[in-house]
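In what follows, a structure is listed as structure tokens, so that the remarks can point back to it.
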Amino acid sequence: MSIQPDTWIKRMSKKHRMILPFEPKLIKKGRVSYGLSSYGYDIRATNEFKIFTNVRSVIVDPKKFDEKSFVDHKGKECVIPPNSFALTRSVEYFRIPRDVFGLCIGKSTYARCGIIVNVTPLQPEWEGHLVIEISNTTPLPAKVYANEGIAAVIFFKADEVSAKSYKDLSGTYSKQKGITLPKV
């Protein structure tokens, strides 16, 4: 027996508290949409942003990341400088079951404006808020909106549980709650 992907996501979210808060339908009405879609879940950006700046001329090094590379911003919208990026986090908190894997991709509304979203995979037994990188590939400032859709997560259910999960490997970014910067 097969079941519709949106029904399966609803069930998994309820059973495992996979997505909190969970919006059971797609919310639009003058906003970039968010909530349950036909094959995944459209996540929202929070109102907390870290905007990349080159004002302090630090070297970007993932092994020794300098927080001075960012300017903190909180608000209903965020303007990302030309050819730059910002970090935010998802409003939603995720608990991924051991037999589920998630891929996150940008929304077409932003992609059509030259705004690219990058999020790493949601591995089995990973838990936390997603840290979202938003790149402005244009030569002009670009605006993104807090508490509206920013990306879509597509979930895949495995026939068997993974041999090693993110939890088993003591993943670096497990249970992150804020905008977590790179660490090694």
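The values are calculated or read from the model by the stated rules, or taken from the named source; none is laboratory data. Every value quoted in this text rests on a predicted model; they were computed, and no experiment measured them. Cβ coordinates were reconstructed from backbone atoms using ideal geometry, including for glycine residues, and neighbour counts include every protein chain displayed.
Within segment 104-120, the set of residues being over 16 Å from THR180 (Cβ atoms) and surrounded by fewer than 17 Cβ atoms within 10 Å (Cβ to Cβ) comprises ILE105, SER108, THR109, ALA111, ARG112, CYS113, GLY114, ILE116.
Scanning segment 43-73 for residues that are among the β-branched types (Val, Ile, Thr) and closer than 15 Å to VAL131 by Cα yields a total of 3. Filtered by the rule that a residue be surrounded by 16 or more Cβ atoms within 10 Å (Cβ to Cβ) and hydrophobic (A, V, I, L, M, F, W, C), segment 66-91 gives PHE70, CYS78, ILE80, PHE85, ALA86, LEU87, VAL91. Residue selection: LYS50 fails the criterion of being at pLDDT below 95 and of a type in the set (Lys, Arg). Within segment 12-32, restricting attention to residues that are in a helix (DSSP H, G or I), surrounded by 12 or more Cβ atoms within 10 Å (Cβ to Cβ) and not hydrophobic (A, V, I, L, M, F, W, C), the residue that is modelled with the lowest pLDDT is SER13. Exactly one residue out of PHE101, PHE156, PHE94 is more than 13 Å from the chain's Cα centre (by Cα), part of a strand (DSSP E or B), surrounded by 15 or more Cβ atoms within 10 Å (Cβ to Cβ) and not β-branched (Val, Ile, Thr): that is PHE101.
Without any contact (Cβ under 8 Å) to a residue 40 or more places away in the chain, within 18 Å of ILE51 (Cβ to Cβ), surrounded by 17 or more Cβ atoms within 10 Å (Cβ to Cβ) and under 16 Å from the mean Cα position of the chain (by Cα): does that describe VAL131? Answer is no for this residue.
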